[in-house]
Amino acid sequence: MAADYARALARRHPLQRLEAPSRGSSALLHLLGLSSFAYSFAYLILNPDPVSESYGWHLQYLTIIGLSLAAVTFAVGLLADLTMSPRLFAVKNLLSVASAPMECLISMLYWGLRAIDPKLVLPSWQPPLPISVDLSFHAVPALALVADLLFFSPPYTVAFLPAFGLSSCIAFGYWLWIERCYHYNRFYPYPLFTVLDTTQRIGLFASSALLMALSTAALVWVYHVVNGKEEIALANGHARAPEERDGDVKGK
């Protein structure tokens, strides 16, 4: 019994709510998520627009970069489920540290800016997105990744400063990327970038990096609200297997 308990701990973090990797509910979540992501990419391919023919394709949009990272995260997660591979499961969890906070950031920025003025995020030539498509781009990825974190993953162990460093690299890397795309295309993917000058763009990307890091911290907090916190002994690696009881109801 003690050996079985030790093996279970090796496979599953004490705070992880549901079994993963597994060919059951974990695989189902990853499959459903990938289906939604595929639906989003299919919409881009079947509905070409000026961005489709421009330098950088739709990867000029932070939304599509985040969607791509989410798809990779869930693809690795599904492979881990099907093969029951601890290594692939660890890779999925590592990718999640970037993809989940990024998708939370994308959802907050998109819906927040759209509430202020849709013209800040949607070009004038673009027709309104069908609600199912809009949600598949700007809501489902964040919800799916957060669900995967809360129920099928161990807790994040990244501290705030490393999280801020990662988000800063992503934010300013994206800024360099869209400036390169602008060099060839002579337009920005989001109308907001046209409204802002260089100094304001720096402020926008710095604020976005901070917001993404805060999203990481918020996810850590929500995880512990949902799943609790480890006992001190368990956190220090002193987990104790249940005592075997040979007919003594008091366990002595």
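Before anything else, pin down the relative contact order of the chain: Cα pairs under 8 Å, at least 6 apart, normalised by residue count, whole percent.
28 percent
Which of the three applies to the range 135-176, rounded, prolate or oblate, going by the alpha-carbon gyration tensor with a ≥ b ≥ c and a/c under 1.5 meaning rounded?
It comes out oblate by the Cα gyration axes.
Report, in order of residue number, the helices in the chain meeting two criteria: a C-alpha extent of 27 Å or more along the helix axis, and a mean Kyte-Doolittle hydropathy of at least -1.0; treat each whole DSSP H run as one helix.
Details: long enough: 25-46 (31 Å, 1.45); 62-83 (31 Å, 1.95); 86-116 (44 Å, 0.92); 160-185 (36 Å, 0.50); 198-227 (43 Å, 1.07).
The qualifying helices are 25-46, 62-83, 86-116, 160-185, 198-227.
GNM on the chain, C-alpha springs below 10 Å: top fluctuator among THR73, THR194, THR63?
The residue with the greatest mean-square fluctuation here is THR194.
I need the calculated FRET efficiency for the pair LEU28 and ILE202, taking r as the beta carbon distance and R₀ as 41 Å, to the nearest 0.05. Display every interim value, and only then the final one.
Working: r = 43 Å, r/R0 = 1.05.
With a Förster radius of 41 Å, E is 0.45.
Checking the a/c ratio against 1.5 first, then a/b against b/c, what shape does the Cα gyration tensor give for the range 120-237?
Cα axes put the range 120-237 in the oblate bin.
Given labels modelled 7 Å from the Cα in the Cβ direction, how far is it in nm from LEU135 to ILE116?
2.6 nm
Once you order the gyration tensor axes a ≥ b ≥ c over the Cα atoms, which shape class does the range 166-207 get: rounded for a/c under 1.5, otherwise prolate or oblate by comparing a/b with b/c?
Cα axes put the range 166-207 in the oblate bin.
Take the Cα gyration tensor of the range 46-179, multiply each eigenvalue by 5, square-root it, and list the three semi-axes largest first, rounded to whole angstrom.
Taking √(5λ) for each eigenvalue gives 28, 17, 15 Å, largest first.
Which of TRP57, TRP125 has the fewest other C-beta atoms within 10 Å, and how do the rest follow up to the most?
TRP125, TRP57
Cut-off is 10 Å between beta-carbons; in what order do HIS30, HIS58 appear when sorted fewest neighbours first?
Fewest to most other Cβ atoms nearby, the residues stand as HIS58, HIS30.
Rank the residues PHE41, PHE152 as a footprinting-exposure proxy: fewest other Cβ atoms within 10 Å of their Cβ go first. Numbers along the way, then the final one.
Details: PHE41 15, PHE152 26.
Lowest to highest Cβ neighbour count: PHE41, PHE152.
Values in this text are rule-based calculations from the coordinates and carry no lab data. All values reported here derive from a predicted model rather than from experimental measurement. Glycine also receives a Cβ, built like all others from the backbone with ideal geometry; neighbour counts cover every protein chain displayed.
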